[in-house]
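Asker: Sending over a structure as structure tokens; questions will come in a sec.
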Amino acid sequence: MAAADWRKAMNSGAAASAARSRPGMPRVPLAAVQLPPVAPASRLESWRRVFNPRRVLVLLALLVFPFVATPFITFQVAGQSLVLGLVALSLTFLGGYGGMVSLAQMTVAGIAGYSLAILGTSSGADISHQWPWWAAIPATLLIATAAATLIGWLSVRTEGIYTIMITLAIGVAFYYLVLQNYTLFNGFQGLREVYPPKVLGIDWRSPLPFYFLSLACALAGYALVRWTVRTPFGIALQGIRDNPRRMAALGFHVVAHRVAAYALAGLIAAVGGVLLVWYNGLITPGSVHTSWLINILVIAVLGGMRHPIGAFLGAIVFVLLQTFAIDLIDRERFNLVIGVVFLAIVLFSPDGLLGLWAKLRSRFASNPGAHSP
């Protein structure tokens, strides 16, 4: 229904209601009960919301960070956090705004990584097709997005724990496929020497260029999710998350919206998969192992499933623990540390670290004089 028709119907309903509520009184003309016009938000105010001081400060800090940090921190910690955060962002979008918790997002990223290694250049000369990067990358994103759409088409007819189980089954099936197939995926050895192309004479796998490439992709993914959830499609998707039966009764195609959400999330995960294979320089069955399917869920929950920025915050915590916790404990006990942190976050703040921060901020704001003498 168009906006003008909607306002006309609302005005007609208001006029009829006013006339019926006062029996014996003369009919009120339609013009007398016109609804007040809704003042559109000014463009300047919209720009202020987008570029508020806090966001500008965070963006400046991200731009300055690699120039003051060591190459190890820039590449191993920051770059990896941005890449994993981008894959977790796809799960945050599905789970937080669509109500669909998928454990196949790392599988989609792995499909993108394998597709790039097969279509582009790798150590397996008899497997890789040696396509130029400007043809291999779009084809890779298309293949991974199509795979995500198929996964969504298979799983959207289930809900809750059944969605988790069917996406986990798909992820496990893909893992055993690449592990046992040598003709296309080279088995357990995988495909190595998968490096980003040198465009404009820049080695994009160097710490500084890779960081800014990952940052640009992460910002684009974040902006895409923030914009999508404010569009009619995003609002309808959130309505389907809350009450799919009512949305279906209102005329919305629930299955189509959910499959489209999987496709969009698959595109985001595919970009993360391309960056991940460039970061590692290889793609193996271990990259899509069941542990990594769970790790992406852990990252998304740590940051907060209802906040797009939470995916990157959870990735930072995960990478910091993965990088430095082995200095204090054995490498084999890393999963124990991650499990303890995960349980603590779930118990004390189901909305993740951002939810915990919101609780603390509201508590101190409600008692401004609690610590004053």
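Asker: Label ILE235 and SER206 with points 7 Å out from Cα along Cα→Cβ: what is the distance between them in nm?
Answerer: Roughly 4.8 nm, to one decimal.
Asker: Here is a further query. Only residues of segment 52-90 count here: report those whose backbone N is under 19 Å from the spot 7 Å along Cα→Cβ of SER291, or say none.
Answerer: 77, 80-81, 84-85, 88
Asker: At a 1.4 Å probe radius, which order do TYR182, TYR262 fall into by accessible area, largest first? Don't skip to the answer; put the middle values down first.
Answerer: Values: TYR182 120, TYR262 5 Å².
Correct descending sequence by accessible area is TYR182, TYR262.
Asker: Another question, then. Heavy-atom accessible area per residue, segment 90-206, 1.4 Å probe: how many Å²?
Answerer: Heavy-atom SASA per residue in segment 90-206 reads 47 Å².
Asker: Could you give the length gained on full extension between TYR162 and LEU142, defined as 0.36 nm per residue of separation minus the Cα-Cα distance, in nm?
Answerer: 4.5 nm
Asker: Please turn the phi angles of segment 101-113 into ³J(HN,Hα) values with the Karplus equation 6.51 cos²θ - 1.76 cosθ + 1.60 (θ = phi - 60°), one per residue in order, whole Hz, x for glycine and proline.
Answerer: Going residue by residue, I get 8, 9, 9, 9, 5, 5, 5, 4, 4, x, 4, 5, x Hz, with x marking Gly and Pro.
Asker: Still on this structure, please answer the following. Would you please classify the overall shape of segment 144-186 from the alpha carbon gyration tensor, given that a ≥ b ≥ c denote the square roots of the eigenvalues, rounded means a/c under 1.5, and beyond that prolate means a/b larger than b/c while oblate covers the rest?
Answerer: oblate
Asker: Moving on to the next point. Considering every Cα-Cα pair within segment 261-316, what fraction, in whole percent, is farther apart than 12 Å?
Answerer: Summing the P(r) of segment 261-316 above 12 Å gives 72 percent of all pairs.
Asker: How much area per residue is accessible in segment 223-325 when the probe is 1.4 Å and only protein heavy atoms are counted (Å²)?
Answerer: 39
Asker: Roll a 1.4 angstrom probe over the protein heavy atoms and tell me the percent of accessible area of segment 109-179 that is carbon or sulfur.
Answerer: Looking at segment 109-179 in its full context, I get 75 percent from C and S.
Asker: For segment 67-167, treating each Cα as an identical point scatterer without solvent, what Debye log10 I(q)/I(0) comes out at q = 0.14, 0.19, 0.25 1/Å?
Answerer: Reported log10 I(q)/I(0), two decimals: -0.70, -0.98, -1.18.
Asker: Using R₀ = 22 Å, calculate the FRET efficiency as 1/(1 + (r/R₀)^6) where r is the Cβ-Cβ separation of ARG363 and ASN52; round to 0.05.
Answerer: So, using R0 = 22 Å, E works out to roughly 0.40.
Asker: Also, quick follow-up: Under a plain spin-label model, where a point goes 7 Å from the Cα along Cα-to-Cβ, how far apart in nm are ILE127 and PHE67?
Answerer: For the pair ILE127/PHE67, the computed spacing is 4.2 nm.
The values are calculated or read from the model by the stated rules, or taken from the named source; none is laboratory data. The model shown is predicted, which means the values in this text are computed figures rather than measured ones. Neighbour counts are summed over all protein chains in view; Cβ atoms, including those assigned to glycine, are modelled from backbone coordinates with ideal geometry. We work out accessible area using only protein heavy atoms, side chains counted, and drop any ligands, DNA or RNA first. Shrake-Rupley method; radii C 1.70, N 1.55, O 1.52, S 1.80 Å.
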